[in-house]
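Input: a single structure, listed below in structure tokens.
The values are calculated or read from the model by the stated rules, or taken from the named source; none is laboratory data. None of these values were measured; they are calculated from a predicted model. As a convention, Cβ positions derive from the backbone with ideal geometry for all residues, glycine included, and neighbour counts pool all protein chains shown. Surface accessibility is based on the protein's heavy atoms, side chains included, excluding ligands, DNA and RNA. Shrake-Rupley method; radii C 1.70, N 1.55, O 1.52, S 1.80 Å.
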Amino acid sequence: MRHVHLVPEGDEDDLYSGYNDYNPTYDTEDLDNDVAFQQALKTSHGRRPPITAKVPGTAAARPLGTGFGPRVHLSSSMGRPMTGAVQDGAARPMTAVRAAGYTKAPFRGSSFDPLGQSRGPAPPLEAKTEDTPEEKVRQLEKKVNELIEESCIASSNGDLKQALEMAKEAGKKERALVRQKEQILSAEISPANLDLTYSTLLNLATQYSANEMYAEALNIYQVIVKNKMFSHAGRLKVNMANIYLKQKNYSKAIKFYRMALDQIPGAHKEMRIKIMQNIGVTFIKTGQYADAINSFEHIMSESPNLKAGFNLILCYFAVGDRDKMKKAFQKLLAAPIGIDDDDKYISPSDDPHTNLLMEAIKNDSLHQMERERKGLAEKYIMTAAKLIAPVIETSFDVGYDWCVEVVKTSLYVELANDLEINKAITFLKQKNFTQAVETLKLFEKKDTRVKSAAATNLSFLYYLEKDYSQADLYADLAVTSDRYNPSALTNKGNTVFANGDYEKAAEYYSEALRNDSSCTEALYNLGLTYKKLNRLEDALNCFHKLHAILRNSAQVISQIASLYEMLEDPNQAIEWFLQLINIVPTDSQALAKLGELYDTQGDKSEAFQFYCESYRYFPSNIEVIEWLGAYYIDKKFCEKAVKYFERAALIQPTQVKWQLMLASCHRRSGNYQKSLDKYKEIHQKFPDNVECLRFLVRLCTDIGLKEVQEYATKLKKAEKMKELKEQRVRSGRDGSARSRREGREGSASSDSGQSSGTSAKGERLSAKLKSLPTASDPYESSANQEIDVSYVDPLGPQIERPKTAAKKRVEEEEFADEELGDDLLPE
């Protein structure tokens, strides 16, 4: 009871105080200082061996009869002391309840806290210090790797400049990392990271090469190759050889390719084959075909492929060895392309799920790669056949027949028909139309696909010869053989278009586009057809679609600009013509059209600039020459207009108006003597020209020459002849018009619609007559208003202005009707 403590009345609120208290005498952490415990360890009881099976398991104490010490009575067979036993007079501590928080405490006042909440929250984790050398090195390595990765990503995206900047930055960081490791020199720091250094240098050299900075790239590669610590660095001599090949330093390229070939072990067969192929290509560049043949023959014997076989044919063609060309062509046909037969894409059952799966597989990326590889093989074979066919036999067709027969016995049986069609096309390119037609006609009894292709080519051939009936016949045959052939439908539309049935032609072109939306020929022809049908918006839509496919096609842009001009949108027309001259800056017609558009908008300066450019590229365009001469006359620079009218007179020596304009320019600039000489020269060539005689009379009068009376007499005769000619023409027209008018009045079928149509036609005729030059007076009938207005005689009002007579004659002739117009201006 001495251990029982009564709770005083004042501690009613702390009923459980004292449970956490315990006697420090029995603390296990202080057993090293416990004398009684250490004494027990020194006795035989503390060194007692474990109990074995030979010891009887009884609870009674057995005396040990040994000669090594006194007998000790054990409390149990296991040596465990009895509960409650007293050692050295001390009471045994009660520890069974300590886990629950109950302890025997000699003092009071502590609270019950079994979860240890009175100690407060756990201390926070210690922050990882970044100031340690190991951490700084680790962060630098991470940054270098990130820069290398960003450089590779930028290079793959096509941003070569950014990739190079990233590679340089990674190189700087890597050098800083090496210096920091050298400064620390601690045992905890690992030695230099060779893999990181190698990656940094290799990426930097690659980016230099990609940016065509070959000298810098070669320097970096030399650093890598000469460092003996980099294993397998000698393989990078392939990259150095590639750079030398780009620089056309073929001797060094071959040297480094061979050095790299020595570094590659024989186990890497594919790599060695690629290096040997590069060596062969370099020998071809240098013209050493014998060495190139040795390389490619070794490749075709070890690991044949399409590129090596094609290059071998080229080498044999260069040296002119016919037999070797044939053998090489056979080796090319036998080269594996690494794809299976297309039968694996055919569904073996009618299961919808299996069929759907097969359809999905047909369009996957692997099948697309197989199609590309097969297309490349066919391209090599077709090109090789066209190359060697004219030289392996006595004639082209015999050589081509040999190639066709060899192809028929190979895996590329389907190419035989294509080769024969190509043979016909080759005949067509050689302008041997008879052989081309005969070759294509052989396919009329072949299968559907080949028959359609042959008929399409025949239709196009007859269309070029303007034999539209035969072209239409074979176009029908091609469409019948394969309704989904866009080329056949396009040719059919062309034949219908040539016959004037534009609506039907538009239907065929539209059907061709439904079968193949990328058929640019059908789309272009459809736009032209809509233009013929005056459906300008639809035509513009077609050409805009075509422009999205063919971005830099001058023909398409020209059509778009022309359509905007027809739609009376000059701003858009000017914009598209500007795009056109960016593509073809020397097109004089486009430059002249731009000058015309700016002239219609009143921008004379821009018009003058483009007309000058057009004249510079094509100085024989009469319209451009006429506009430039009129421009200088309008700006009062008559002496500059002289050279343009001189060139016009050289181009059209029978047109008197250029001679008159030339003489007028001399007269306006004050050079009267030269003007008089020019008028005399014109009078000799055109003695009946009234305007020339008028100016001669005026100039001779002002200068006081004796020839004035002679020229005045000639002027009166010329004017009288001109009046008589006009009267005869007018009387003849009056009689024919009167007879036709009487016939129209007596006709019962005439109505107001016909009369209005006739008057409209007469107006169009009068407009055409204004621009119709006559043999007697071509200058008076000039339609250029700039020249006519500026051609005013400044010497006196008594000389009649040239345009006045022409206008008077046109006004008198406005009654002319439809039949007379067709006689004068056939279209």
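Please go through segment 401-417 and pick out each residue that is open to solvent by less than 50 Å² (accessible area, probe 1.4 Å) and touching a residue at least 24 places away in the same chain (Cβ under 8 Å).
Filtering segment 401-417 for residues open to solvent by less than 50 Å² (accessible area, probe 1.4 Å) gives 403-404, 406-407, 410, 412, 415-417.
Passing the criteria: 403, 406, 407, 410, 412, 415, 417.
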Neighbours by Cβ (under 6 Å, 6+ apart or cross-chain): first from segment 563-579, open to solvent by less than 60 Å² (accessible area, probe 1.4 Å); second of a type in the set (Asp, Glu): 573/565
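Quick one: which residue in 525, 499 is open to solvent by 80 Å² or more (accessible area, probe 1.4 Å) and more than 23 Å from residue 419 (Cα to Cα)? Outline the logic, then answer.
On the way: 525 fails: open to solvent by 80 Å² or more (accessible area, probe 1.4 Å).
After applying the criteria, what remains is 499.
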Single match in 198, 208, 289 (criterion: aromatic (Phe, Trp, Tyr) and under 33 Å from the mean Cα position of the chain (by Cα)): 208
From 363, 278, residue being surrounded by 15 or more Cβ atoms within 10 Å (Cβ to Cβ), within 34 Å of the chain's Cα centre (by Cα) and either at pLDDT 80 or above or over 30 Å from residue 236 (Cα atoms) (or both): 278
Test set (1) closer than 17 Å to residue 521 by Cβ; (2) touching a Phe, Trp or Tyr at 6+ places or on another chain (Cβ under 9 Å) - residue 538 fails condition number: (1)
Residue ID - surrounded by the most Cβ atoms within 10 Å (Cβ to Cβ), chosen from residues in segment 673-698 that are in a helix (DSSP H, G or I) and either touching a strand residue (DSSP E or B) at 6+ places or on another chain (Cβ under 8 Å) or polar (S, T, N, Q) (or both): 675
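For (1) part of a loop (DSSP other than H, G, I, E, B); (2) modelled with pLDDT of 90 or more; (3) open to solvent by 40 Å² or more (accessible area, probe 1.4 Å), each residue gets a yes or a no:
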residue: 188; (1), (2), (3): yes, no, yes
residue: 191; (1), (2), (3): yes, no, yes
residue: 195; (1), (2), (3): no, no, yes
residue: 202; (1), (2), (3): no, yes, yes
residue: 205; (1), (2), (3): no, yes, no
residue: 215; (1), (2), (3): no, yes, yes
residue: 218; (1), (2), (3): no, yes, no
residue: 222; (1), (2), (3): no, yes, yes
residue: 229; (1), (2), (3): yes, no, yes
Any pair with Cβ under 8 angstrom, 6 or more apart, that starts in segment 533-545 at a residue that is closer than 13 Å to residue 509 by Cβ and ends at one that is crowded, with 16+ Cβ neighbours inside 10 Å and among the basic types (Lys, Arg): 539/531
Qualifying residue in segment 500-516 (condition: under 27 Å from the mean Cα position of the chain (by Cα) and farther than 25 Å from residue 472 by Cβ): no
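Which one is modelled with the lowest pLDDT among residues in segment 401-441 that are touching a Leu at 6+ places or on another chain (Cβ under 6 Å) and farther than 15 Å from residue 454 by Cβ?
Of all residues in segment 401-441, those touching a Leu at 6+ places or on another chain (Cβ under 6 Å) come to 404, 407, 410, 424, 436, 440.
When the remaining residues are screened for being farther than 15 Å from residue 454 by Cβ, the result is 407, 410.
Numbers: 407: 88, 410: 84.
The residue in question is 410.
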Residue tally, condition open to solvent by 40 Å² or more (accessible area, probe 1.4 Å), without any contact (Cβ under 8 Å) to a residue 60 or more places away in the chain and not hydrophobic (A, V, I, L, M, F, W, C), over segment 366-392: 9
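Got a number for residues in segment 465-475 being out of contact with any Phe, Trp or Tyr (no Cβ under 9 Å at 6 or more places or on another chain) and either open to solvent by less than 60 Å² (accessible area, probe 1.4 Å) or within 16 Å of residue 427 (Cα to Cα) (or both)? Don't jump to the end; show me each part of the working.
Step one: list which residues in segment 465-475 are out of contact with any Phe, Trp or Tyr (no Cβ under 9 Å at 6 or more places or on another chain), which gives 466-467.
Add one more test, that the residue is either open to solvent by less than 60 Å² (accessible area, probe 1.4 Å) or within 16 Å of residue 427 (Cα to Cα) (or both), and what stays is 467.
Counting residues in segment 465-475 that are out of contact with any Phe, Trp or Tyr (no Cβ under 9 Å at 6 or more places or on another chain) and either open to solvent by less than 60 Å² (accessible area, probe 1.4 Å) or within 16 Å of residue 427 (Cα to Cα) (or both) gives 1.
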Residues that are open to solvent by less than 60 Å² (accessible area, probe 1.4 Å) and of a type in the set (D, E, K, R), drawn from segment 727-738: 733, 734
Out of 173, 161, sole residue that is modelled with pLDDT of 80 or more, touching a Lys or Arg at 6+ places or on another chain (Cβ under 7 Å) and open to solvent by 40 Å² or more (accessible area, probe 1.4 Å): 173
Single unsatisfied condition, residue 519 versus (1) open to solvent by less than 30 Å² (accessible area, probe 1.4 Å); (2) more than 30 Å from residue 495 (Cβ to Cβ): (2)
Residue check for residue 543: at pLDDT 90 or above and open to solvent by 40 Å² or more (accessible area, probe 1.4 Å): no
Filtered residues of segment 580-603 (kept if open to solvent by 40 Å² or more (accessible area, probe 1.4 Å), within 15 Å of residue 560 (Cα to Cα) and among the hydrophobic types (A, V, I, L, M, F, W, C)): 583
Within segment 543-659, helices (runs of 4 or more DSSP H) holding 3 or more residues that are more than 30 Å from residue 681 (Cβ to Cβ): 554-566, 570-583, 588-600, 604-617
Test: residue in segment 437-458 that is surrounded by fewer than 20 Cβ atoms within 10 Å (Cβ to Cβ), of a type in the set (D, E, K, R) and on the phi > 0 side of the Ramachandran plot: no
Filter result (closer than 19 Å to residue 612 by Cα, open to solvent by 60 Å² or more (accessible area, probe 1.4 Å) and among the hydroxyl-bearing types (Ser, Thr, Tyr)) within segment 624-672: none
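Is there a residue in segment 614-623 that is closer than 23 Å to residue 587 by Cα, of a type in the set (A, V, I, L, M) and out of contact with any Leu (no Cβ under 9 Å at 6 or more places or on another chain)? Outline the logic, then answer.
Step one: list which residues in segment 614-623 are closer than 23 Å to residue 587 by Cα, which gives 614-623.
Keeping just the survivors that are of a type in the set (A, V, I, L, M) gives 622.
From what's left, out of contact with any Leu (no Cβ under 9 Å at 6 or more places or on another chain): 622.
Scanning segment 614-623, I find at least one residue that is closer than 23 Å to residue 587 by Cα, of a type in the set (A, V, I, L, M) and out of contact with any Leu (no Cβ under 9 Å at 6 or more places or on another chain), so the answer is yes.
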Condition check for residue 705: surrounded by 14 or more Cβ atoms within 10 Å (Cβ to Cβ), of a type in the set (A, V, I, L, M, F, W, C) and not in a helix (DSSP H, G or I): yes
The lone exception for residue 398 - which of (1) modelled with pLDDT under 80; (2) surrounded by fewer than 14 Cβ atoms within 10 Å (Cβ to Cβ); (3) not basic (Lys, Arg) it fails: (1)
